[in-house]
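Remarks on the structure that follows.
The values are calculated or read from the model by the stated rules, or taken from the named source; none is laboratory data. Values in this document were obtained by computation on a predicted structure and should not be read as measured data. Neighbour counts run over all protein chains shown; Cβ positions are idealised from the backbone, glycine included.
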Amino acid sequence: MARVYLDTSFFSTCVSKRTSPRSVGWRETSNEWWETQATRHVLYVSDEVVAELSDPDFDQGPTALAMLRGLHLLELNADVRGLAAILVREKLMPVPSVSGDAIHVAAATIHGMEYILTWNVRHLANPNKRTHLATVCLRLGLIPPQIVTPDLLMEADE
């Protein structure tokens, strides 16, 4: 069973009401992954996911938050915050380093996740960032997780 960190975009996509073809496709894929693949892995989130899904401007927040029940919670400790600051300084992640994408990647890396599951293809599941992320992490003695979209992890599981 792989250790998988689920970022906010996974949950928000599962409960999205958007009707564009891409949004509908991502929602269907996310829900299929949740229903058929989630039990094949050990799933983790962080307080950053909880905070982002708790945003009062996110109408589907309560539904998304309900999906977190029973998942493991990663601690956002000093090591996580330190790595997040490095990822921002190295221009791998957007500012601020105290929240958002940098925290997701740092938490998953520090806590030894094998995968980050995300639909954030701009900042996270971006193939152009893989080598740079690996270089920075390896320089620090860390192994970065593979950052993938649900459809890719579903294919890997088959």
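Every listed requirement among (1) crowded, with 21+ Cβ neighbours inside 10 Å; (2) part of a helix (DSSP H, G or I); (3) under 15 Å from the mean Cα position of the chain (by Cα) is met by LEU124 save one, (2). How many residues, within region 116-158, are at pLDDT 90 or above and touching a Phe, Trp or Tyr at 6+ places or on another chain (Cβ under 7 Å)? Qualifying residue count, region 116-158: 9. Taken over region 128-151, residues that are in contact with a strand residue (DSSP E or B) (Cβ under 9 Å, 6 or more places away or on another chain) and aliphatic (A, V, I, L, M) amount to 3. From the list GLY112, GLY70, GLY100, pick out the single residue that is in contact (Cβ under 8 Å) with a residue 60 or more places away in the chain and at positive phi. Checking each option against the conditions leaves just GLY112. Cβ separations smaller than 7 Å between residues 6+ apart or across chains give no pair from region 82-94 residues that are within 11 Å of ALA106 (Cα to Cα) and without any contact (Cβ under 8 Å) to a residue 12 or more places away in the chain to residues that are of a type in the set (D, E, K, R) and outside any helix (DSSP H, G or I).
The sole residue among VAL50, VAL88, VAL105, VAL80 that is among the aliphatic types (A, V, I, L, M) and farther than 18 Å from PRO144 by Cβ is VAL50. Screening HIS104 against (1) in contact with a Phe, Trp or Tyr (Cβ under 8 Å, 6 or more places away or on another chain); (2) surrounded by fewer than 17 Cβ atoms within 10 Å (Cβ to Cβ) leaves a single unmet condition, (2).
With respect to the conditions (1) loosely packed, with under 14 Cβ neighbours inside 10 Å; (2) assigned to a loop (DSSP other than H, G, I, E, B), TRP119 falls short on a single one, namely (1).
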